[in-house]
Amino acid sequence: AAAAAPRHVYEADEYDEGLVLAFGKASSAMALAAAEVASHAMPAARIRGVAVVKDGHATEAEARTLLDRYGIAVREASHPVPDGRSVRAAGEVLDLAEGATSRTLVVCCISGGGSALFCSPLPPLTLEDLAATNSSLLGSGMPINSMNVVRKRLERGKGGGLAAAAYPAPVLSLVLSAVVGDPLDLIASGPTVPDPSGFADAAGLVRTHGLGMGG
């Protein structure tokens with residue numbers, strides 16, 4: 001028989017707030033469910049956060065309830081190619097994460113489309129650099145798993161960057177997989193889990209798929 005999955009208990013009295021950070025095409029519904037559970041489990045804690053969704057993927061009722069009841073703002077952004085709204089929303093997510101303390105329980109709700117909707121270029125890269133790269137990746141025939149290995153090299157929040165930003169706050173991740181095999185380091189480019197890949201892996205993929213190395 002398979003071993004039981006490890007279980008971790010989060011004690012309500014250890015936290016003063018629940019911070020819901022959601023991004024992906026299902027993020028508004030996920031954020032609403034997470035906020036409802038957190039508010040019941042931690043009645044004395046403040047709930048707040050942000051949900052980044054693809055245009056048209058949050059209902060007016062969801063957005064209104066999230067903001068009015070839980071202080072969670074809904075931000076719309078572009079998918080599959082990120083835009084300026086994606087960068088601004090990702091900056092808001094990272095700013096909130098960086099303000100978390102050991103008394104904050106961070107709940108990350110991640111779903112398909114999260115890579116584009118949570119987009120924060122690693123300086124000196126720009127949004128235009130990332131948009132061009134994403135367009136090339138989408139047209140290359142590269143599998144999504146491989147695309148995300150490349151994407152993680154280019155951004156602040158990918159490859160465990162979001163969890164690192166939230167330290168020392170504990171991070172609980174709720175993930176809806178859009179990737180075959182459910183590899184947590186590749187879904188939305190793994191913002192809350194360790195990254196087993198590196199720059200050499202990304203460079204190899206770029207060469208293999210004939211994308212060139214610039215020039």
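The values are calculated or read from the model by the stated rules, or taken from the named source; none is laboratory data. Because the structure is predicted, anything quoted here is derived from the model rather than measured. Every residue, glycine as well, gets a Cβ built from its backbone with ideal geometry; the counts of neighbours run over all protein chains shown. For the accessible areas, the whole protein counts, side chains as well, though only heavy atoms, and no ligand, DNA or RNA atoms are used. Shrake-Rupley method; radii C 1.70, N 1.55, O 1.52, S 1.80 Å.
May I ask for the net charge around Y15, where only other residues with Cβ less than 10 Å from the Cβ of Y15 are counted and Lys, Arg are +1 while Asp, Glu are -1? Spell out each step's value before the answer.
On the way: positive: R46, R103; negative: E11, D13, E14, D16, E17.
My count for the surroundings of Y15 gives -3.
Less than 15 Å apart at the alpha-carbon level, and either on another chain or at least 8 residues along: which aspartates and glutamates does that give for K152?
Answer for K152, where 15 Å is the Cα cut-off: D129, D185, D195, D201, listed by chain and number.
Could you work out what % of the accessible surface of segment 1-53 is carbon and sulfur, using a 1.4 angstrom probe and leaving DNA, RNA and ligands out of the count? Mind showing how you got there, number by number?
Details: 1540 of 2820 Å².
In segment 1-53, the share of accessible area belonging to carbon and sulfur is 55 percent.
Once the Cβ-Cβ distance between D55 and L125 is put in as r, and R0 is 22 Å, what FRET efficiency do you end up with, to the nearest 0.05?
On the way: r = 24 Å, r/R0 = 1.09.
So, using R0 = 22 Å, E works out to roughly 0.35.
Taking all protein chains in place and a 1.4 Å probe, what share, in percent, of the accessible surface of segment 109-159 do carbon and sulfur account for?
Ligands and nucleic acids excluded, carbon and sulfur give 60 percent.
Provide Rg over Rh for segment 124-210; use the alpha carbon set for both Rg and the Kirkwood Rh (inverse mean inverse pair distance).
0.98
Collect residues whose amide H, placed 1.01 Å from N in the peptide plane, falls under 5 Å from the amide H of C108; neighbours closer than 5 in sequence don't count.
L21, L172, S173, L174
Counting only residues 5 or more places away or on other chains, whose amide H sits under 5 Å from the amide H of A100 once H atoms are built in the peptide plane?
none
In segment 1-84, which trypsin sites (Lys or Arg not before Pro) are in a loop and have at most 14 other Cβ atoms within 10 Å, using DSSP for the loop call? List each step's numbers first, then the result.
On the way: sites: R7, K25, R46, R48, K54, R64, R69, R75; in loops: R7, K25.
Listed in order of number, the matching sites are R7.
If you roll a 1.4 Å probe over the heavy atoms of the protein chains, what accessible area per residue do you get for the chain, in Å²?
48
Under 20 Å Cα-Cα from K54, which aspartates and glutamates qualify once same-chain neighbours fewer than 8 residues away are excluded?
Filter leaves E62, E76, D83, E92, E128, E155.
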